[in-house]
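See below for the structure under consideration.
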Number of protein chains: 2
Amino acid sequence: MTKLTHTQDIWQARYAQSSPLSQIDPLVARLMGHRSVRAYSDRAVEDDVLLQAIAAAQSASTSSNLQAWSVVAVRDPAKRARLSALCGNQRHINDAPVFLIWLVDWSRLRRIAATQDQPSDGTDYLESYTVGVVDAALAAQNAAVALEALGLGLVYIGGIRNHPEDVAAELGLPSGTFALVGMSIGYPDPARPADIKPRLSQATILHNETYDSAPEQAAVAAYDAAMVDFQRAQGRGDLPWSATAVQRVKGPGSLSGRERLRDALQNLGLPLI
Amino acid sequence: MTKLTHTQDIWQARYAQSSPLSQIDPLVARLMGHRSVRAYSDRAVEDDVLLQAIAAAQSASTSSNLQAWSVVAVRDPAKRARLSALCGNQRHINDAPVFLIWLVDWSRLRRIAATQDQPSDGTDYLESYTVGVVDAALAAQNAAVALEALGLGLVYIGGIRNHPEDVAAELGLPSGTFALVGMSIGYPDPARPADIKPRLSQATILHNETYDSAPEQAAVAAYDAAMVDFQRAQGRGDLPWSATAVQRVKGPGSLSGRERLRDALQNLGLPLI
C-alpha cells in the first residue's frame, strides 16, 4: 500500500484534481487514504483489536441513545465459507480471518419492553428501520476507522443482503434483527496492495444553502475520464463510471436478488409500516 | 471538555467498567472520547474545514462506488431558524454556525440515466433506499471524525425527518433525494463542556459466531444503574435507561410524526418497493 504523505498527492489520488488546500490535517489525510482491502496476510486478528474496534463503534452517536444495533464476529472458517456462498461467493470472506456482520437490532428493545409488560410497536415502522440502519452504519464506520488505525484493512460486503433469511438462520438471529452489511477484516497482504479510488468532485456532492445540480454534467464527464484512467492502470477495462453505475440501477434485475428485501424484512419481523 | 488521556479513565467513562486493556491506540481513544456538542463558541467554521470534512466523507466506502448521497451546508441564519422549527425547535441548529444535512440521493443517477436514455427503476426499491442510507451515514460519520480532529464539535439531528417534504422544499431538493440526518457543527463553547455518555457493555452488543442474548439481562441492569448515576451527575433525572428507551419505541405516537415516513418518501419520489 503506497503511503501518501503529501497533501497534493493524496488529493490528486482521491479527486484526480490538484488540491485547493496547502495542508491537510494528518487524521483527515488518513481518512482520505482509505481503500477497500480484499487481500490479507496470514496474521490473526488479536482479541485486543476487536475490543478496540467495538469500543470505537459503540462510541459513535446513536439516535436517542437507543443503540439499535449489534454485531456478530465470525472466525470459524466453515461458517465463513457458508456466509461467503450466501453473499455471492466473495472469496475475501473466506480469506479474511474475521467476518463482522453489522445488524439492525430491534430485538433487544423488544425483549426489554416485554420484561416491562410494555408494547414496542414503534419498532415496526420504517422510521425505526431507518434509525437502526443509521445507527449500525455509524458504528461500522467508526470501527473501520479504528481498524485502519490499528494497521488492518477491510472491505464492506453488501452481498450479505442477497439472502437475508438464510443469513439470519446461519447467525441465529432473533426476530427483529437484520444483517445490514458485512465487513471482512484482516492485516493487508503487502504483496497485493490496494489503490485509492477517485471520487466525484466536491462540486457534485456538496451543495451550499440549496441543492444545485448545475455543476454536475461537467463534473461527471471529468470523473468518467478519471475513472477510465484509473481502471486502465488496474487492468480493469475502460467503461466510464456513469455507464457502469447506470447498469447497476437500471431495474430490479440488477439488484442481485435484493429487489425482494421488503418481503425478507417482513419475514424477519420488521414489517416497515 | 475534559481531556481523557488514560486508558482506564476513558474506558471507565464509556463503559462504567474498568478496562480489559492496558493500552488503547491514540486514535481509538479519540473516537472513544466522542460526545455530542450542543453549545458552540462564536468562532466561524472556515471553508478549509468544510473542504476537509467533505473529503473525509467522500473517502468512506460507498456501495459499488455509486456515491448515492449528497450533503447541503446551510450557513444562512434565517434558513437555519426555519429548519430548526421543522426539526422540533432544536436551539443548537440556530446556535451552530453551520448545519449540514446529509441526503440519500438517487436523483443524480436518475439524471445521468436519463441523459443516456436508460431506465433507473432499480432506485425505486427498498434495497436502494438502504444503500443510500448506509452510504450517507458512512460519509457523515467520516466527516464527524474529521471535524472532531479539527477541533470542532457536532450533534446529529434525527428531527430532520419530522417533516421531510417541508425540509425538501426548504433545501430545493429534487425528486429522489431525502434529508436523512442533520448535523450541527461548530467550535465547542469551553464554558459548557459535554460529557462522554456510557454505553451498554460489549457483551450486549458483540456476539461471537452466533447471536447470544444470554448476557443481556444482567448487562442492562448494570447499565441502568450506570446511566442513573450519569444523569444524576448532570442534573437530568433518574429514570433508568431501559424505561426511557422503551417509552421511545412503544408505538407510532412516540415517533414525533416520523410514523408517516413511508408516505413522505413516496411523495419525495422514493416509493420503496
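The values are calculated or read from the model by the stated rules, or taken from the named source; none is laboratory data. Predicted model, so just to flag it, every value in this text is computed and none were measured. Every residue, glycine as well, gets a Cβ built from its backbone with ideal geometry; the counts of neighbours run over all protein chains shown. Side chains included, ligands, DNA and RNA excluded: accessible areas come from the protein's heavy atoms. Shrake-Rupley method; radii C 1.70, N 1.55, O 1.52, S 1.80 Å.
If you go through the range B:146-156 and keep only what is assigned to a helix (DSSP H, G or I) and open to solvent by less than 10 Å² (accessible area, probe 1.4 Å), you end up with B:146, B:147. Considering only the range A:95-125, state which residues are open to solvent by 50 Å² or more (accessible area, probe 1.4 Å) and under 20 Å from residue A:49 (Cα atoms). Listed by number, the list holds a single entry, A:95.
Condition check ((1) over 30 Å from residue A:254 (Cβ atoms); (2) part of a loop (DSSP other than H, G, I, E, B); (3) not hydroxyl-bearing (Ser, Thr, Tyr)) across all residues:
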site: B:8; (1), (2), (3): yes, no, yes
site: B:17; (1), (2), (3): yes, yes, yes
site: B:20; (1), (2), (3): yes, yes, yes
site: B:24; (1), (2), (3): yes, yes, yes
site: B:27; (1), (2), (3): yes, no, yes
site: B:37; (1), (2), (3): yes, yes, yes
site: B:53; (1), (2), (3): yes, no, yes
site: B:79; (1), (2), (3): yes, no, yes
site: B:84; (1), (2), (3): yes, no, no
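Answer yes if at least one residue in the range A:203-213 is part of a helix (DSSP H, G or I), more than 8 Å from chain B (Cβ to nearest Cβ), surrounded by fewer than 20 Cβ atoms within 10 Å (Cβ to Cβ) and hydrophobic (A, V, I, L, M, F, W, C), and no otherwise. Yes, because at least one residue in the range A:203-213 is part of a helix (DSSP H, G or I), more than 8 Å from chain B (Cβ to nearest Cβ), surrounded by fewer than 20 Cβ atoms within 10 Å (Cβ to Cβ) and hydrophobic (A, V, I, L, M, F, W, C).
For the range B:218-273, what are the residues that are closer than 14 Å to residue A:127 by Cα and of a type in the set (S, T, N, Q)? Residues satisfying the conditions are B:254, B:256, B:266. Quick check on residue A:113: is it out of contact with any strand residue (DSSP E or B) (no Cβ under 8 Å at 6 or more places or on another chain), without any contact (Cβ under 8 Å) to a residue 40 or more places away in the chain, facing chain B (nearest Cβ under 7 Å) and of a type in the set (A, V, I, L, M, F, W, C)? Yes.
One residue stands out among those in the range B:188-200 that are open to solvent by less than 70 Å² (accessible area, probe 1.4 Å) and within 20 Å of residue A:63 (Cβ to Cβ): the one that is farthest from the other protein chains (Cβ to nearest Cβ), which is B:194. When residue B:21 is tested against the conditions (1) surrounded by 19 or more Cβ atoms within 10 Å (Cβ to Cβ); (2) aliphatic (A, V, I, L, M); (3) facing chain A (nearest Cβ under 9 Å), the lone failure is (1). Taken together, the residues in the range A:209-225 that are in contact with a helix residue (DSSP H, G or I) (Cβ under 8 Å, 6 or more places away or on another chain), over 30 Å from residue B:82 (Cα atoms) and touching a residue at least 12 places away in the same chain (Cβ under 8 Å) amount to 4.
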